[in-house]
1. Identify, from the list P79, P74, P110, the residue that is in a helix (DSSP H, G or I) and at pLDDT below 70.
2. Please count how many residues of the range 36-64 are buried (at least 23 other Cβ atoms within 10 Å of the Cβ) and not small (G, A, S).
3. Which ones in the range 6-26 are surrounded by fewer than 24 Cβ atoms within 10 Å (Cβ to Cβ) and either of a type outside the set (K, R) or without any contact (Cβ under 8 Å) to a residue 12 or more places away in the chain (or both)?
4. Got a number for residues in the range 6-28 being among the small types (G, A, S) and touching an Asp or Glu at 6+ places or on another chain (Cβ under 6 Å)?
5. Of all residues in the range 1-33 being of a type in the set (G, A, S) and within 18 Å of P74 (Cα to Cα), which is modelled with the lowest pLDDT?
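The values are calculated or read from the model by the stated rules, or taken from the named source; none is laboratory data. Remember, it's a predicted structure, so these values are computed and weren't measured experimentally. Cβ placement follows ideal geometry from the backbone for every residue including glycine, while neighbour counts extend to all protein chains displayed.
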Amino acid sequence: MSSVNSPVVLIPAYQAKGTIGPLVADIVKMGLPVIVVDDASNDGTATAAEAAGATVLRRRSNGGKGAALREAIPAALKPMGRRFRDLLGTVNQDAARSADEVYLLVAGLPVKVK
């Protein structure tokens with residue numbers, strides 16, 4: 001079985017200071033990279049996400065979840081050059097079980113999940 005090439009988790013976030021840090025930390029503990037798109041929050045969302053281990057993209061104006069994902073997907077693919085990632089997962093910023101759902105998504109794949 002071939003291995004999955006560099007999965008990444010994308011999280012669009014707005015005013016999520018209280019929830020984003022623990023969510024990112026849980027996903028990073030699994031050994032998965034996380035990209036958070038801070039959709040012009042003014043509550044410290046970006047700082048909390050960075051402190052927890054995410055790469056953070058900051059939007060200057062609030063454009064909603066769709067705009068955040070349109071920015072995140074090319075950013076997630078960029079480090080791969082011309083190769084494509086096999087898996088891009090997105091989770092909501094405030095879902096209490098999002099990290100568990102990410103684990104279930106990748107647990108059956110040939111990736112190293114801590």
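1. Details: P74 fails: at pLDDT below 70; P110 fails: in a helix (DSSP H, G or I).
After ruling out the rest, the residue left standing is P79.
2. 5
3. Our first condition is that a residue be surrounded by fewer than 24 Cβ atoms within 10 Å (Cβ to Cβ); within the range 6-26, this holds for 6-8, 10, 14-15, 17-19, 21-22, 25-26.
Listed by number, the residues that qualify are S6, P7, V8, L10, Y14, Q15, G18, T19, G21, P22, A25, D26.
4. Step one: filter the range 6-28 for residues among the small types (G, A, S), giving 6, 13, 16, 18, 21, 25.
Now drop any that are not touching an Asp or Glu at 6+ places or on another chain (Cβ under 6 Å), which leaves 13.
Total meeting the criteria: 1.
5. Result: S6.
Quick grid of which residues meet (1) at pLDDT 75 or above; (2) outside any loop (DSSP other than H, G, I, E, B):
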{"position": "I35", "(1), (2)": "yes, yes"}
{"position": "S61", "(1), (2)": "yes, no"}
{"position": "K65", "(1), (2)": "yes, yes"}
{"position": "A68", "(1), (2)": "yes, yes"}
{"position": "L105", "(1), (2)": "no, yes"}
